[in-house]
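**Q** Input: one structure, supplied below.
The values are calculated or read from the model by the stated rules, or taken from the named source; none is laboratory data. Predicted model only: the values in this text are computed from it and were never measured. Glycine also receives a Cβ, built like all others from the backbone with ideal geometry; neighbour counts cover every protein chain displayed.
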Amino acid sequence: MSEYELYLSGLSIPQVSLITGLAKSTLRFRFKKRGILRSRKESILIASKDGRLGSGMRGKKRSFSKDWKKKISMSKIKHGDKNAKGRSLKPSGYYEYTRGEFKGRLVHIVLMEKKIGRRLYSNEVVHHKNHIKTDNRLENLELMTRSEHARHHAKHNLHNRKRDENGKFK
């Protein structure tokens, strides 16, 4: 029996490889070239019916009781309470809350909102006076309008930028 007939009879590539002695990669290449290579889904279904799945429940439908789901949920919450820090440093350089009421919000903004007793307006920003984004002490935070903030940084950049030999900013 040829490798093609073995494969088409329902055997998997590893099984055909054991019988024929051909490498699995060679068989896969040949089956793909002939247009008979099964999809992953088809292969898993066949293996499931034959009881050949490698790890227990793969490819089989599972159902969970409400009690089981609740226990898993409570376990995850308990694990989070024990291990999660509640904030993380984002690629932007600012800290963000990762748990609780302020989840997904930047720490310096929440601190300023608590200080002024309201949410920030859309034209307001919180500025770090010492330009260190992770320094969220209240004495380092300043409430500014967007235009004031832009003006402040424009002046700061003007005095701290270097010029090339032609007088242009680098």
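**Q** Hey, can you tell me all the residues within the range 127-145 that are polar (S, T, N, Q) and either under 19 Å from residue 116 (Cβ atoms) or assigned to a strand (DSSP E or B) (or both)?
**A** Passing the criteria: 136, 140, 145.
**Q** Restricted to the range 111-170, and to residues that are hydroxyl-bearing (Ser, Thr, Tyr) and in contact with a strand residue (DSSP E or B) (Cβ under 7 Å, 6 or more places away or on another chain), which residue is farthest from residue 101 (Cα to Cα)?
**A** So the residue we want is 145.
**Q** I would also like to ask the following. Identify, please: which residue in the range 9-21 is in a helix (DSSP H, G or I) and surrounded by fewer than 13 Cβ atoms within 10 Å (Cβ to Cβ) and is, among those, modelled with the lowest pLDDT?
**A** Here the residue is 14.
**Q** Separate question: Restricting to the range 103-126, name every residue that is more than 23 Å from residue 156 (Cα to Cα) and assigned to a strand (DSSP E or B).
**A** The one that is more than 23 Å from residue 156 (Cα to Cα) and assigned to a strand (DSSP E or B): 106.
**Q** Sticking with this structure for a sec: Any chance you could count how many residues in the range 30-56 are out of contact with any Ser or Thr (no Cβ under 8 Å at 6 or more places or on another chain), surrounded by 13 or more Cβ atoms within 10 Å (Cβ to Cβ) and assigned to a helix (DSSP H, G or I)?
**A** Number satisfying all stated conditions: 5.
**Q** Among the residues of the range 82-102, write down those that are farther than 15 Å from residue 128 by Cβ and part of a loop (DSSP other than H, G, I, E, B).
**A** Scanning the range 82-102 gives 84, 85, 86, 91, 98, 99, 100, 101, 102.
**Q** While we're looking at this one, here's another question. Only one of these conditions is not met by residue 1: (1) outside any loop (DSSP other than H, G, I, E, B); (2) exposed (fewer than 12 other Cβ atoms within 10 Å of the Cβ). Which number is it?
**A** In the conditions (1) outside any loop (DSSP other than H, G, I, E, B); (2) exposed (fewer than 12 other Cβ atoms within 10 Å of the Cβ), residue 1 misses (1) alone.
**Q** Go through the range 94-138 and give me each residue that's on the phi > 0 side of the Ramachandran plot and at pLDDT 95 or above. Working first, answer last.
**A** Quick first cut of the range 94-138, residues on the phi > 0 side of the Ramachandran plot only: 100, 104, 117, 131.
Result: 117, single match.
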